[in-house]
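Student: Take this structure first; my questions come after.
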Amino acid sequence: MDYSDPLERPAFDIMEPQMLRAPVIFNSPHSGNHYPKSFLAASRLDALTLRRSEDAFVDELFAGVVERGAPLMRAHFPRAFLDVNREPYELDPRMFSGRLPAFANTRSLRVAGGLGTIARVVADAEEIYASPLKVNEALARIDLFHKPYHAALNGLMKRLRQTFGYMVLVDCHSMPSVVRQGGERMRADFIIGDRHGTSCACELSDHVELTLTRLGYSVLRNKPYAGGYITEQYGTPAIGWHAIQIEINRALYLDETTCTKTADFERLQAHLMILAETLIALDTPLSDSAAAAAE
């Protein structure tokens, strides 16, 4: 597969504010919707079905943080093509022709569910590929997309921590509105993931939950989404790195059948900017961990 220009644009970008006001980074790793033609050709699914794995328009929901003084990082490649919220080599050997490297993680729960670094399924467990992929193709995607994305994110986080003494990463996602396992039921409006209190100071999770609740939303913590690889990898409060994941119920802003915005999009966007403004305006709420990191 030729990756010389697979997306017709950069794989990701970091939208920087004119004036950095706070050590808060917003990250949208799953909102990319630029599909390489060769990927579409290899898939047995139509484009709309593939799009159902996107966190569609989440980067647009949070775009206003930039003018408010916080950077926004976003992927342009789709999650179905490569998932940066996984370990770099979390791979299902059943998907590939050829032998995976010995260091690949082939036994994680995410791999078992078909949702490794290169996903096997989307939507309701629908198989993506018509035939096995070559191992070299998987390794090329990781080298050209996963590793540069994390190098850039890691560099941005280090810069903010060096400037402010600590940093907060808000990992922004969306989730299907309905749980189908064990009978259909609606999810909460938001699910906050902090790896069960280990990826950020409890004050941060409390603040996000309280703000969203006051805006009229139902909020749960860590069930079923406690945070993926990004939250786990970068959430280390003891050194002043705080990471929190926010999952948004897609019914709040999206027609999930057509993958188009609903009339409620702008209302949700305005509420998320209220949340963002409170995070940007926080006056060192993570003082204990920030002090420890500075020592």
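Student: Would you point out which residue out of 56, 47 is over 18 Å from the mean Cα position of the chain (by Cα) and of a type in the set (Gly, Ala, Ser)?
Tutor: Working: 56 fails: over 18 Å from the mean Cα position of the chain (by Cα).
Of 56, 47, the one residue that is over 18 Å from the mean Cα position of the chain (by Cα) and of a type in the set (Gly, Ala, Ser) is 47.
Student: Specify the residue that is nearest to residue 40 (Cα to Cα); the eligible residues are those in the stretch 108-139 that are β-branched (Val, Ile, Thr) and out of contact with any Asp or Glu (no Cβ under 8 Å at 6 or more places or on another chain).
Tutor: The first filter runs over the stretch 108-139 and keeps only residues β-branched (Val, Ile, Thr), leaving 111, 117-118, 121-122, 128, 135.
Going one step further and asking which of them are out of contact with any Asp or Glu (no Cβ under 8 Å at 6 or more places or on another chain), we end up with 122, 128, 135.
Working: 122: 14, 128: 10, 135: 18 Å.
Looking at the filtered set, the residue picked out is 128.
Student: Could you figure out which of (1) within 30 Å of residue 242 (Cβ to Cβ); (2) in a helix (DSSP H, G or I) isn't true of residue 56?
Tutor: (2) is the only condition that residue 56 fails.
Student: Another one. So which pairs qualify, if the first residue must be in the stretch 239-267 and at pLDDT below 95, the second must be assigned to a loop (DSSP other than H, G, I, E, B), the Cβ gap must be under 6 Å, and the two must be at least 6 apart or on different chains?
Tutor: 240/166
Student: Now for a different question. Among the candidates 62, 12, which residue alone is touching a residue at least 40 places away in the same chain (Cβ under 8 Å) and farther than 18 Å from residue 141 by Cα?
Tutor: Values: 12 fails: farther than 18 Å from residue 141 by Cα.
It is 62.
Student: Could you say whether any residue in the stretch 155-168 is among the hydrophobic types (A, V, I, L, M, F, W, C) and either closer than 30 Å to residue 257 by Cα or without any contact (Cβ under 8 Å) to a residue 12 or more places away in the chain (or both)? Step through it out loud before you land on a result.
Tutor: Keep residues of the stretch 155-168 that are among the hydrophobic types (A, V, I, L, M, F, W, C), which gives 156-157, 160, 164, 167-168.
Filter again for either closer than 30 Å to residue 257 by Cα or without any contact (Cβ under 8 Å) to a residue 12 or more places away in the chain (or both), leaving none.
No: the stretch 155-168 contains no residue that is among the hydrophobic types (A, V, I, L, M, F, W, C) and either closer than 30 Å to residue 257 by Cα or without any contact (Cβ under 8 Å) to a residue 12 or more places away in the chain (or both).
Student: Could I ask something else about it? Just checking, how many residues over the stretch 90-125 are in a loop (DSSP other than H, G, I, E, B) and under 17 Å from the mean Cα position of the chain (by Cα)?
Tutor: Initially, the stretch 90-125 is screened for residues in a loop (DSSP other than H, G, I, E, B), giving 91-92, 98-104, 106-108, 113-120, 123-125.
Still in the running and under 17 Å from the mean Cα position of the chain (by Cα): 115-119, 123.
Number satisfying all stated conditions: 6.
Student: Is it the case that the stretch 206-216 has a residue that's surrounded by fewer than 14 Cβ atoms within 10 Å (Cβ to Cβ) and touching a residue at least 24 places away in the same chain (Cβ under 8 Å)?
Tutor: No.
Student: OK, next. Are any of the residues in the stretch 16-30 farther than 24 Å from residue 163 by Cβ, free of Cβ contacts under 8 Å to residues at least 60 places away in the same chain, assigned to a loop (DSSP other than H, G, I, E, B) and in contact with a Leu (Cβ under 9 Å, 6 or more places away or on another chain)? Give the derivation first.
Tutor: Here is the first cut: in the stretch 16-30, the residues farther than 24 Å from residue 163 by Cβ are 30.
Those left that are additionally free of Cβ contacts under 8 Å to residues at least 60 places away in the same chain: none.
No: zero hits.
Student: Hey, another quick one. Can you pull out every residue in the stretch 230-265 that is of a type in the set (Lys, Arg) and crowded, with 19+ Cβ neighbours inside 10 Å?
Tutor: Residues of the stretch 230-265 of a type in the set (Lys, Arg): 250, 261.
Correct list: 250 only.
The values are calculated or read from the model by the stated rules, or taken from the named source; none is laboratory data. The structure presented is a predicted model; accordingly, all values stated were derived computationally and were not measured. Heads up, the Cβs are rebuilt from the backbone with ideal geometry, glycines too, and the neighbour counts pull from every protein chain shown.
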